[in-house]
Structure formats: C-alpha cells, structure tokens
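Chemist: Here you go, one structure.
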Amino acid sequence: MSSNASYLQELNEVQRQAVTHIQGPVMIIAGPGSGKTRVLTYRIAHLMHSGTDPFAILALTFTNKAAREMKERITSVHGTDARNLWMGTFHSVFARLLRIEAPRLGYPANFTIYDTTDSKSLIKNIVSEQQLDDKLYKVNTVYNRISSAKNSLVGPYQYVQNAAYTADDESAGRPKMAELYRLYTERCFRAGAMDFDDLLLKTHELLDKFPDVLYKYQNRFRQVMIDEFQDTNEVQYAIVKRLADVHQNIAIVGDDAQSIYSFRGATIANILNFKVDFPDTVVYKLEQNYRSTQVIVDAANAIISKNKEQLAKKIWTQNGEGNKIRVIRAMSDNEEGKLVSETIFELKMREHLHNKDFAILYRTNAQSRAFEESLRRLNLPYRIYGGISFYQRKEIKDLLAYLKLTVNPADEEAFRRVINYPVRGIGKTTMERMTILADENQCSLWQVAENASALGLGRSSGSVEGFVQMIRSFTALSERRDAWELADHIAKQTGMLKELYADKSVEGLSRYENFQELLNSIKEFSDQTGEVLETAEGETIEPQERTLGAYLQQISLLTDLDEEGDDEDRIKLMTIHAAKGLEFKCVFSVGLEENLFPSMMAMNTREDLEEERRLFYVAVTRAEKFLYLTYAGTRYKYGQLNYCEPSRFLEEVPEQHLEYVSSRKAQAAPQPSSGAAQSIQRQRQEQRQAAAADYLHKPSPNFVPDSPEKLNMGMQVEHQRFGFGRIVGLEGNSPNRMATIDFAAVGPKKLLLKFAKLRISEAAGG
C-alpha cells in the first residue's frame, strides 16, 4: 500500500476526521446513507496503516454479512493482514473468545451453541417434567423472560433475589419462573451448551471472575470499535466498556434515530449517555446522505424531528430532488397487495429495474400473505425474510443433531432429537426413564446412555448402547476426516440419506434436495483455504483446520440475511426491523394504519411511540429513488373485518412531498390538498363512498340472524350484504325500531331492524 494513504482522498472532510482520529474515545453519529461502512472500514485500515497490530483491533458488528464485507474491503486497501482482525458479530467474536477460555467456567472448549429452537425445546421439556401448566408457562413466555434477564446481567441466582422480577412473576400467576430459569441453566451446563444470550453473559462472567483474563484482553484489544452502537444492550455495553477501560481507545458508530430494538433489550441510553462514561469523547457527525433523493431526506428529517429524545443533527444531501413520495390508499389488505404488486410490475418496465431493487417492508410478518399472493399471480419472484430458515428445517436439524453429538456427546437437545431417528426402538418411556436417571445422578443423558445396561433400561438397553457405539465411531473418525467426509459418512451410516431418498413425494424430494444442499455447503466449507487464527495460548498463528466443530460454530451464528446470495434477483419481503442497514431503489412501507403502525402495543408511553417513529424513519430512509407509503381501509383481524384509520405518521410527512394515488388505479393523478391531515380525512370519506358502490360481503359460514330484541348500542354486528359494523344509534320501538350502524366497509347505514337480519358478532365492550 502506498505510504500516502490515498484511500483518505475518497472521504469527505468529516469522514476523514473520524477515520484519522485514532486516540481516545470517539463517537461517530452516522445518519442513514452517510457512508458509515466506508468510515468504519477505512478507520480500521488507517489503524493498521499507522502501525496498529491487526490482532490488537476488536471490531464488533451486528451481522456476519457486514463483518465479511468490511473485511474484504480492508483487505483490498491494506492486504491480507485483515484476516488477523478480531472482527465479527458480538456473538461470533465472543464465541471465539470462549472457545479459548470456557474451561475456566467449567464448560468444554467444544461447547454446543443452542439456537432458539434448541432452547425452546429444552424449556418445553423442563415445563413438562415439572408438571406445570404449559398454557400458563408458555415456551415463548419463559424463553423471552430468561433472555431478558440475561441481557440485563441477571443470572438465575440474582433473579430469585430480585424482588421486582419475583413480584412480577407472582402477579402474572407464574411463581415458578425463577425455578425454570435455574433448571434451564443447569441443564445447559450439563449438556456443555450455551445459548445465544450465554455467549454474552458468560463472557461478562469470565471477565468479572478472572482478573487475569480481563487483563489479558484489555491489553490485547488496544483499539475497540462497535458498529450500530444504538442497538447494544446492557450486557454488550458492559463487556466493551471493561475491555476499553485501560487504553480508552473506543470508537462507537451509530445513529440514535435508528434505535429500534428495545424488545431485544437494546437501550438507547447507551448512545445518549456514552459521554458520561467517556467524558473525553470527541463527536463527529456524518450528516451528508449519499443514498436518497432530496424529497426522501427532507421527509425523514420532518418525521424524526417529532421525537424528543435524540442527539441533534440535520441530514442533508446533494442528490437531486427526485420523485414525490406516493401514498397508495387501498380498500382492503388484499387490494393493498394487488396495488403494490401491480406498481412493482409497472415500475420494472418503465424504469428498467431488477426484482432485487424492490423491498416491501411491513410491521409484522403476518402481513406478508396478501403481497405473496399478488406477486405470485404476476409471476414476480420474491423472497420472504423471517420465514423458516434453511437451518431450521426438520431434515437439516436432524443431520446437524448427529454432527453436534459427534463433536459434543453431552448435547442434550441433539441427543433427544436423534436417539430414535431413524427409528431404532427407543420410545418415550425409555426417554422418560433416562431423564429421571440423569436428574437423579446430576449427569448428562449421554452418560446415562453409556451405562444403559448397568442402570437397568430393560429391553431398550441394547438399542441405546448401539447408538452410543455409533456416535463414538463418528467421534473417532472425526480425528482423521475433514468436515465433509465425516458428514457424508454420517448421512449414509445413520440411514438418513437412504430414508429421504426413498420418499418420492413432492415434499420428500424437496427434503432430499435440502439435505444434499447442506452436504454441499459442508463440502464448500471443507474446500476453502484455511483462515488464519490465533492459537489457544495466544502465541502463534496457524491455519484453522476445516473441522466439523468449526463448521457447526459458523452456521450456528448465521442470521436469515447471511444465508442469501447477493446475486439473487428477487423482491424482498421483510419486517422493517430486518431491513435496517439495507437499501433499495424502491421501497414500499405498507400497512400504515393506527394500531398496526404505530403498533397498538406502543400507545402507552412516549418512549414506545418514539421508538415506533424511529422504525418509520428507518423504513423511509431505506429508499434511494422511489418511496411508496400504503394503507388499507379494512383489514381482517381474528376473523373479524375491521375498519382501519390511516396512521398518524402519514400526517407527519410534509404535504409538499406527497402525491396521493387512487385506490382504483395506482397511477392516477395527484390530488391537491390544503394539508396532510385534511387530505387523510378526505381520503377516508372518499374510500368509504367508493366502497359502498361496489362492496360485496361474503357472509360468515355460521351466519344466523339474531332477534332484534337482543340488539343494543355498541354491539358489533354482521349484515349479509354490508358486512361488519357497530351499532352507533337506536331509535323507536318494536316493530318499527331503527338502528344506525357504522359499517367498516361502506360507512353508516340506517336500517329497520325487523328486516335487517343482523347477526351479533361481538357484544359491547367484548
């Protein structure tokens, strides 16, 4: 690399200052599209150019994909030394650290990493074994409670002593939550397993309990950098704060306006209060947006200005003014899907865009259905993020379970999954007996299996011991074979490959192809050149062996976005949360309705509403050239058709930046208005009038009219033609009693009850 650091010429003045300021704490506030990744990349390259050992640089990101792309960029600037960086996600970097140090905490170096499915499966077993009501102690509820505690640095023993936690559990009718947390922790430990949250919690515990380990890594990591800092939680910040405590060379990059992960434990306070912990912090603000048009940038600034809690900044751009933001109003959620798909089809033709240039962003995954159906009708290829991940499919999980057992026989979830697959005569009764024995002896299921005959497992003993011998043979073979050779042998030896091949149904062929694809990925992994890593002693560098354990760690830390190839030409459908960090030429932010976006759950506090607004800000700022905001007038919820109010966020976009599109035809001319709020109100009335002209309701299958005498004010009722509505007025007496009903689809109607034939669908207040 040239000595004049020519890469600095590619940066604007503020970017250059942020890159070259390499001593002391630095906060880089990076607005959307401001070249954040380039600044991070070049800052690391500049550190190396200035003589910093790459092994002394710790760089933390939130996706493996981001880390991979940054490492490739650094390599292009500085050469192959970039492979020696400690760079990756919080989970992957600390998993690497724990592979070295975990024995200090009593874990094996080859500990298993439980994904969410594994963790929930274990919780389900524990709830069942404790004979607790699984409707009260729902798996997701218990899992989220434990995860939240861990991310707040509350272990099982601190949990039971925490009055706030225990009082909350008592009031929720779940007094056994602390016991479930303790049992879950013990079972993971016995299985030699850590879940995702443990990768952080155990790293913090390690640094807290062992001063020599803390000293070792404080002096190794002389430069610490964190991307997307606004998304860090309490335990993540606690770790990096301790690591940076000696040298104080910590650089954080983030944007408080894009802090949207409080439900995962992220706290915006970390970035808002960073200067309190590091008083000497120098702040650089990257305010120039290189991504979006002037209209989109101005709209985004207007939206986020409504928030009280924020760091002051003003995003600007030198890009052209661009197209106005189009607001599409649909009569129903199905029509919303139709209009969005048709608009994509037309834009592709008119603007010569690719499928991958489009993203449909929604508040919840459940909204995807209408868009999927419409895209399929137009033969537009798409991909949904947040569906069943490749690595969560049954056939994939089955083979991975065998591979995990080969590396770590104590892995309880892997053991349970394949002990009787393919079928070998080890039933539920045997497993229950083994679980009791494991608890009584405080040992793993594997240790029980190894002593099946001695422990009196009866007729199943021979099958269990045969299974043990098979796994032992795989483990022995792992010392002589690479990951692919071993996986191929296991697939054949267990009989899984043969069983899948024998199923010639459409589903069976798909499962077989998925199975082969997993083997292909292991083959590709085995054939790659070894990555240089540090030895356990931290003294010498050697190529990493392409072992099965290394492969399992790699895939256990993958995210949904990491699985996709960059060249995949498909329309992207995802939640706004999943879209953060991405950009598209054309974005559809859909479902902009009150109680959907903003969510009904976000109406209780200003803090919650401000996070919803930040989420909307993220959606808007993903767009480069074209931005569409859409909402539906009616939407089914829990089997009932509901009338929807347009989102308050639509009123926060400056009127001069908006162009309204007719629900009848997506490319209708813009409609003038005296203000955004008045325009939304006018649209609401127009939509109901249009709906009344051509609305055709399909009655519920159980439609039977109720007696007019049963009808009261406030009741939700169904009419055979007009659909669902609420009684808002009653007058007169039988037989000439009249009701005014506000129907969701067609507006208010006055009906004579003896002829109306109304079915009560919901009582007032029900």
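Chemist: If you take the residues of region 44-80 that are touching a residue at least 12 places away in the same chain (Cβ under 8 Å) and of a type in the set (S, T, N, Q), which of them is farthest from Phe90 (Cα to Cα)?
Modeler: Per the criteria, the residue is Ser50.
Chemist: Please count how many residues of region 581-623 are open to solvent by less than 40 Å² (accessible area, probe 1.4 Å) and not basic (Lys, Arg).
Modeler: 26
Chemist: While we're looking at this one, here's another question. Could you check how many residues of region 334-349 are open to solvent by 10 Å² or more (accessible area, probe 1.4 Å) and touching a helix residue (DSSP H, G or I) at 6+ places or on another chain (Cβ under 6 Å)? Step through it out loud before you land on a result.
Modeler: Step one: filter region 334-349 for residues open to solvent by 10 Å² or more (accessible area, probe 1.4 Å), giving 334-335, 338, 342, 345-346, 348-349.
Cutting the leftovers down to touching a helix residue (DSSP H, G or I) at 6+ places or on another chain (Cβ under 6 Å) gives us 334, 338.
Selection size over region 334-349: 2.
Chemist: Something else about it: Given the residues Asp227, Asp169, Asp208, Asp212, which is the only one that is crowded, with 22+ Cβ neighbours inside 10 Å and not β-branched (Val, Ile, Thr)?
Modeler: Working: Asp169 fails: crowded, with 22+ Cβ neighbours inside 10 Å; Asp208 fails: crowded, with 22+ Cβ neighbours inside 10 Å; Asp212 fails: crowded, with 22+ Cβ neighbours inside 10 Å.
One residue alone meets the criteria, Asp227.
Chemist: Identify, please: which residue in region 314-327 is in a strand (DSSP E or B) and open to solvent by less than 40 Å² (accessible area, probe 1.4 Å) and is, among those, farthest from Val253 (Cα to Cα)?
Modeler: So, considering only residues that are in a strand (DSSP E or B) and open to solvent by less than 40 Å² (accessible area, probe 1.4 Å), the one farthest from Val253 (Cα to Cα) is Val327.
Chemist: Let me ask you something else. Do we have Thr540 as at pLDDT below 80 and closer than 15 Å to Ala483 by Cα here?
Modeler: Judged against the criteria, Thr540 is not a match.
Chemist: Additional query: If you take just the helices (runs of 4 or more DSSP H) that sit entirely in region 328-408, which of them hold at least 1 residues that are under 26 Å from Glu645 (Cβ atoms)? Even if it seems obvious, please write down each step before you answer.
Modeler: Values: elements: 333-351, 368-377, 394-407.
Qualifying helices (runs of 4 or more DSSP H): 333-351, 368-377.
Chemist: Within region 291-313, which residues are among the polar types (S, T, N, Q) and part of a helix (DSSP H, G or I)?
Modeler: Across region 291-313, the qualifying residues are Gln294, Asn301.
Chemist: Quick test of your reading of the structure: Leu399 fulfils all but one of (1) within 19 Å of Asp115 (Cα to Cα); (2) open to solvent by 20 Å² or more (accessible area, probe 1.4 Å). Name the failing condition by number.
Modeler: Against the list (1) within 19 Å of Asp115 (Cα to Cα); (2) open to solvent by 20 Å² or more (accessible area, probe 1.4 Å), Leu399 comes up short only on (2).
Chemist: If you don't mind, another one. How about region 478-502: which of its residues are among the aliphatic types (A, V, I, L, M), open to solvent by 10 Å² or more (accessible area, probe 1.4 Å) and in contact (Cβ under 8 Å) with a residue 40 or more places away in the chain?
Modeler: Leu500
Chemist: Now a separate question. Checking the conditions here, which among Leu437, Leu509, Leu445 is closer than 28 Å to Thr547 by Cβ and either in contact with a strand residue (DSSP E or B) (Cβ under 8 Å, 6 or more places away or on another chain) or not small (Gly, Ala, Ser) (or both)? Explain how you work it out, then say what you get.
Modeler: Values: Leu437 fails: closer than 28 Å to Thr547 by Cβ; Leu509 fails: closer than 28 Å to Thr547 by Cβ.
Result of the check over Leu437, Leu509, Leu445: Leu445.
Chemist: Now for a different question. Could you list, in sequence order, the residues of region 723-766 that are at positive phi, surrounded by 12 or more Cβ atoms within 10 Å (Cβ to Cβ) and more than 38 Å from the chain's Cα centre (by Cα)?
Modeler: Listed by number, the residues that qualify are Gly747, Lys757.
Chemist: For region 1-60, give me each residue that is open to solvent by 20 Å² or more (accessible area, probe 1.4 Å), of a type in the set (Phe, Trp, Tyr) and within 18 Å of Ser76 (Cβ to Cβ).
Modeler: Tyr42, the sole residue that qualifies.
Chemist: If you check Gly265 against the conditions, is it open to solvent by 10 Å² or more (accessible area, probe 1.4 Å), small (Gly, Ala, Ser), closer than 25 Å to Leu615 by Cα and at pLDDT below 95?
Modeler: Values: open to solvent by 10 Å² or more (accessible area, probe 1.4 Å): yes; small (Gly, Ala, Ser): yes; closer than 25 Å to Leu615 by Cα: yes; at pLDDT below 95: yes.
In short, yes.
Chemist: Go through region 350-371 and report how many residues are buried (at least 17 other Cβ atoms within 10 Å of the Cβ) and over 22 Å from Thr621 (Cα atoms).
Modeler: Pass one, region 350-371, residues buried (at least 17 other Cβ atoms within 10 Å of the Cβ): 353, 355-363, 367-368, 370-371.
Filter once more, so that each one left must be over 22 Å from Thr621 (Cα atoms): 370.
Qualifying residue count for the region: 1.
Chemist: For region 243-278, which positions are more than 20 Å from the chain's Cα centre (by Cα) and assigned to a loop (DSSP other than H, G, I, E, B)?
Modeler: Passing the criteria: Ala244, Asp245, Val246, His247, Gln248, Asn249, Asn273, Phe278.
Chemist: Quick check on region 683-742: of everything there that is more than 11 Å from Arg759 (Cβ to Cβ) and of a type in the set (Phe, Trp, Tyr), which residue is modelled with the lowest pLDDT?
Modeler: If we take residues in region 683-742 being more than 11 Å from Arg759 (Cβ to Cβ) and of a type in the set (Phe, Trp, Tyr), then Tyr695 is modelled with the lowest pLDDT.
Chemist: Quick test for you: out of Gln23, Gln9, Gln17, pick the one residue that is part of a helix (DSSP H, G or I), modelled with pLDDT of 90 or more and over 33 Å from the mean Cα position of the chain (by Cα).
Modeler: Gln17
Chemist: Starting from residues that are at pLDDT below 80 and surrounded by 19 or more Cβ atoms within 10 Å (Cβ to Cβ), keep the ones in region 67-87 and report whichever is farthest from Gln223 (Cα to Cα).
Modeler: Val77
Chemist: Among the listed residues Val235, Val240, which satisfies the condition of being assigned to a helix (DSSP H, G or I), in contact (Cβ under 8 Å) with a residue 60 or more places away in the chain and under 23 Å from Tyr143 (Cα atoms)?
Modeler: Sole residue among the options that is assigned to a helix (DSSP H, G or I), in contact (Cβ under 8 Å) with a residue 60 or more places away in the chain and under 23 Å from Tyr143 (Cα atoms): Val235.
Chemist: Let me spell it out: the conditions are (1) assigned to a helix (DSSP H, G or I); (2) more than 27 Å from Leu573 (Cβ to Cβ); (3) touching a helix residue (DSSP H, G or I) at 6+ places or on another chain (Cβ under 6 Å), and Arg416 meets all of them except one. Which number is the exception?
Modeler: Failed condition: (3).
Chemist: Name the residue that is modelled with the lowest pLDDT, counting only residues in region 643-676 that are exposed (fewer than 14 other Cβ atoms within 10 Å of the Cβ) and out of contact with any strand residue (DSSP E or B) (no Cβ under 8 Å at 6 or more places or on another chain).
Modeler: If we take residues in region 643-676 being exposed (fewer than 14 other Cβ atoms within 10 Å of the Cβ) and out of contact with any strand residue (DSSP E or B) (no Cβ under 8 Å at 6 or more places or on another chain), then Ala669 is modelled with the lowest pLDDT.
The values are calculated or read from the model by the stated rules, or taken from the named source; none is laboratory data. These numbers were taken from a predicted model, which means no experiment stands behind them. So basically every Cβ, Gly included, is an ideal-geometry build from the backbone, and we count neighbours across all protein chains shown. Only protein heavy atoms, including side chains, enter the accessible area calculation; ligands, DNA and RNA are left aside. Shrake-Rupley method; radii C 1.70, N 1.55, O 1.52, S 1.80 Å.
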